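A quick write-up on the structure given underneath.
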Amino acid sequence: MENFKLLKIEDSLKNSLEKMKFTKPTPIQAMAIPVALEGKDILGTAQTGTGKTLAFSIPLINKLILDKNAFALVMCPTRELATQVMAAIKSIISDKINIKTALLIGGEAMQKQLRQLSNRSRIIVGTPGRINDHLKRKSLNLSATKYLVLDETDRMLDMGFLRDIERVMKLIPDKRQNLMFSATFSKDIKKLAFTILSNPVQVEATPENTAVEAISQKVYRVAKAHKTGLIIKLISEGNWKQVLVFTRTKHGANNLTKKLIGAGITAAAIHGNKSQGARTKALKGFKDGAVRVMVATDIAARGLDIPLLPHVINFEIPNISEDYVHRIGRTGRAGAKGEAISLVSADETTFLRDIQKLIGEKLPVEIMEGFEPDPNASTTPIKPGQNRQPRNKAKSSGKG
Ligand code: ADP
Ligand code: MG
């Protein structure tokens, strides 16, 4: 599809899209929107940055314009993601489209949410936890829900939201349209899709159309104790701006952030232990360019909409291979080129092998002079959940 104008959607919606300078749908939008407009269920696979938000929001709003008694529920894994989805929805609801919304996320005062809910909000966007809080206190009634969206479903399951999703399913009408998106399709996702969706049309952004193609990937083999030095060198000598760095743990994120700041590089950490205010502030600073480096854990970074992110660095590579795909999906968004660099120490060798198996390619490996790998380091992998601190503190002191 060449242009949004060709879609069978309300003119008011077309006008909003035109105002936002959105003309050509992305591949997932071109596939999903016409199917969703027909009222069919969708099971969509597409990586981050492929434009899934509008793929479900355009048909959702169109439906609510046509049916004044219809309500929609959108579930997202994180507060940040829910906030972004709500912002995207609001931006295409023009003044002429009078549909009220409610954003139900944790870490924020109930009062505002209760006010929004009492105002006949027809679009509810939220995280499964907070949605259930409202269901429990009966401030949310889902009996008129005709449109359900599950965004980033794989991550919602990773975050343990299955029970919350199941509770919601018990309270919403059987007769409804469902759109479910996920970057990966595990057994659990398929099982959930089977219980929630009815005769879904499967849409998939083909690999050539995903962000991954535009990303150049590279591995530096490096001693654990040299990682911080190497990252500082790469960022300062490359004069990189807007760098997203992934660490495995919250503690690791804080630690690295301190060291970057110590080296004169503006940085902020974003992870689950940070208050909502601190996370919003960090993200804003990063988007504005006031903060060069954002150091994040996987869960915190999930779904953040940061357009045109040029650099992603894995300070530690993830032990869940799918997370690697999610992480590098943060770069090369909307067709722009990006670079993903992974710093790999000896104990991460097995994880690297697993990642290469998943993505079906061998990543080019480099060694930087002065930051060589430790030839005596053990290649025994670190256990999931274990903190990636050097086991032998004395050996690495002063550097890592
Ligand atoms: P995803 O949910 O797949 O990660 P998003 O919906 O967050 O992707 O979209 C990623 C970025 O692409 C956003 O900044 C969004 O504004 C932009 N975008 C979405 N659709 C289009 C389009 N049709 N044309 C240009 N940019 C778009
Ligand atoms: Mg998204």
In degrees, nearest 10, the alpha-carbon axis of helix 52-66 is tilted away from the dominant principal axis of the alpha carbons of the chain by 10
The local net charge around VAL201, scoring Lys/Arg +1 and Asp/Glu -1 for residues other than VAL201 whose Cβ lies under 13 Å from its Cβ, equals -2
Restricting segment 11-120 to GluC sites (Glu not before Pro) in coil, as DSSP defines it, with at most 12 other Cβ within 10 Å: GLU38
Pairs of Cα atoms under 8 Å, at least six residues apart: use those to get the relative contact order of the chain, whole percent. 18
Just want to confirm a number: the relative contact order over segment 219-285, from Cα pairs under 8 angstrom separated by 6+ residues, in percent. 22
At 1.4 Å probe radius, can you tell me the per residue accessible area of the chain in Å²? 46
Just from its helices, what would the mean residue ellipticity at 222 nm be for the chain, if runs of 4 or more DSSP H residues each count -39500 (n - 2.57) and the sum is divided by every residue, rounded to the nearest 500 deg cm²/dmol? -11500 deg cm²/dmol
Treating only the Cβ of Lys, Arg, Asp and Glu as charged (+1, +1, -1, -1), what charge dipole size does segment 1-88 show about its Cα centre? Round to the nearest 20 debye. 140
Tell me, what is the 1.4 Å probe accessible area of LYS112, in Å² to the nearest 10? 110
Of LYS112/LYS170; LYS5/LYS63; LYS187/LYS218; LYS224/LYS259; LYS218/LYS362; LYS68/LYS170, which ones are farther than 19 Å apart at the Cα? LYS112/LYS170; LYS187/LYS218; LYS68/LYS170
Extension reserve of the GLU204-LYS112 stretch, reckoned as 0.36 nm per residue once the Cα distance is removed: 29.4 nm
Using label points projected 7 Å from each Cα along Cα→Cβ, tell me how many nm separate ASP288 and SER236, to one decimal. 2.6
Please determine, in degrees from 0 to 90 and to the nearest 10, the orientation of helix 27-37 with respect to the longest principal axis defined by the Cα atoms of the chain, where the helix direction is its Cα long axis. 20
Which of the GluC sites (Glu not before Pro) across segment 353-382 are loop residues per DSSP, with 16 or fewer other Cβ within 10 Å? GLU361, GLU369
Between GLU166 and SER143, 0.36 nm times their residue separation minus their Cα-Cα distance comes to what? 6.7 nm
Under the 0.36 nm per residue contour assumption, what length would be gained going from the current alpha-carbon distance of LYS24 and THR350 to full extension? 113.2 nm
Separation between the SER94 and ILE299 pseudo-spin-labels, each 7 Å from Cα along Cα→Cβ, expressed in nm? 4.2
Only four residue types carry charge here, +1 at the Cβ of Lys and Arg and -1 at the Cβ of Asp and Glu. Report the dipole size of segment 129-258 about the Cα centre in Debye, rounded to the nearest 20. 660
Whole-Hz Karplus couplings 3J(HN,Hα) for segment 309-320, θ = phi - 60° and coefficients 6.51, -1.76, 1.60, Gly and Pro as x, run 7, x, 10, 10, 10, 8, 5, 9, 7, x, 8, 9
For segment 47-165, averaging the sequence separation of alpha carbon pairs under 8 Å that lie six or more residues apart and dividing by its residue count, the contact order in percent is 35
For PHE315, tell me the accessible area in Å² from a 1.4 Å probe, rounded to the nearest 10. 30
Ignoring ligands, DNA and RNA, please state the percent of accessible area on segment 100-162 from carbon and sulfur, probe 1.4 Å. 49
Excluding residues on the same chain fewer than 8 positions from LYS227, give the aspartates and glutamates whose Cα lies under 12 Å from its Cα. GLU316, GLU372, ASP374
Using a 1.4 Å probe, how large is the accessible area of SER118, given in Å² and rounded to the nearest 10? 100
Which value, in debye to the nearest 20, describes the size of the charge dipole of the chain about its Cα centre when Lys and Arg Cβ atoms bear +1, Asp and Glu Cβ atoms bear -1, and nothing else is charged? 1380
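The values are calculated or read from the model by the stated rules, or taken from the named source; none is laboratory data. These numbers come from a predicted model, not from an experiment. Cβ sites come from the backbone with ideal geometry, for glycine too, and all protein chains shown count toward neighbours. Calculation scope for accessible area: heavy atoms of the full protein, side chains included, ligands and nucleic acids excluded. Shrake-Rupley method; radii C 1.70, N 1.55, O 1.52, S 1.80 Å.
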